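Structure, as structure tokens:
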Amino acid sequence: MAEIAALFYAGSYSPGCATLAPLVGSGVFLSFLFTNCVLSAVNTVQKQLADQVRQFTEEVIAGTSYFLVDVEVRGHKGTRVVEVYVDSTDDLGHDDLAVISKEVGFLLDLEDIVDGSYKLEVSSPGIKRPLTLPKQFQKNVGRTLRVRHHADGKEEIVVGDLTAADGEGIELEQSSGEQLVLSYDDIVQARIELPW
């Protein structure tokens, strides 16, 4: 540990997260820096793994009505949880998700990209997750959305019925009857507004 501390102090130890400035103060600062570097390395591994899972999932669902919404990786070696969120332009049932899970899991095991044991969870995004893709907006035309968006250099929140969605943006009808057109670039977050 003294050698690592000396390297940190000299400003020459950089475990992939940044060149560190000389230490000032106690070992608590050293612990903080070392922890941040380790967390940075873990996040990099998780991102790389998520990218690979994303690629395999895209291969599995190519040519179907399914589309990939997101991939999240949590945990560490031996305790990883790989979450794959898939939606469809048609109905998506448990049997569909089971087939996708089986095929993605087979590819992950065949290519051995997850170090150690892991848990693969394939599901639909659910009503509580934000809408992020144009296909999700298109699928939910007719529903009420709560949308946080950029307007005149600040963020605003609007609730309205989603009346249209295409590849460029959406159109909401507010309770006042006013129509609001938003591009996807202006949307910060959009969720389905639950009636309760």
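Numerical summary
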quantity: Subset of the stretch 114-159 that is farther than 19 Å from Tyr85 by Cα and touching a helix residue (DSSP H, G or I) at 6+ places or on another chain (Cβ under 8 Å) - its residue that is surrounded by the fewest Cβ atoms within 10 Å (Cβ to Cβ); calculated: Ala151
quantity: Condition broken by Ser117, with the remaining ones in (1) of a type outside the set (A, V, I, L, M, F, W, C); (2) in contact with a Gly (Cβ under 6 Å, 6 or more places away or on another chain); (3) under 26 Å from Leu182 (Cα atoms) satisfied; calculated: (3)
quantity: All positions within the stretch 166-196 that are touching a residue at least 60 places away in the same chain (Cβ under 8 Å) and of a type in the set (Gly, Ala, Ser); calculated: Ala190
quantity: Matching strands (runs of 3 or more DSSP E) fully within the stretch 110-165 where at least 3 residues are touching a residue at least 24 places away in the same chain (Cβ under 8 Å) and not assigned by TED's automatic domain parsing to the domain that holds Leu180; calculated: 118-123
quantity: Single match in Val81, Val99 (criterion: of a type in the set (A, V, I, L, M), touching a residue at least 24 places away in the same chain (Cβ under 8 Å) and over 21 Å from Pro134 (Cα atoms)); calculated: Val81
quantity: Tally, over the stretch 52-84, of residues that are over 18 Å from Gly116 (Cα atoms) and either of a type outside the set (Val, Ile, Thr) or assigned to a helix (DSSP H, G or I) (or both); calculated: 15
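The values are calculated or read from the model by the stated rules, or taken from the named source; none is laboratory data. Owing to the predicted nature of the structure, the values given are computational and were not obtained by experimental measurement. All Cβ positions, glycine included, derive from the backbone under ideal geometry; neighbour counts span all protein chains shown.
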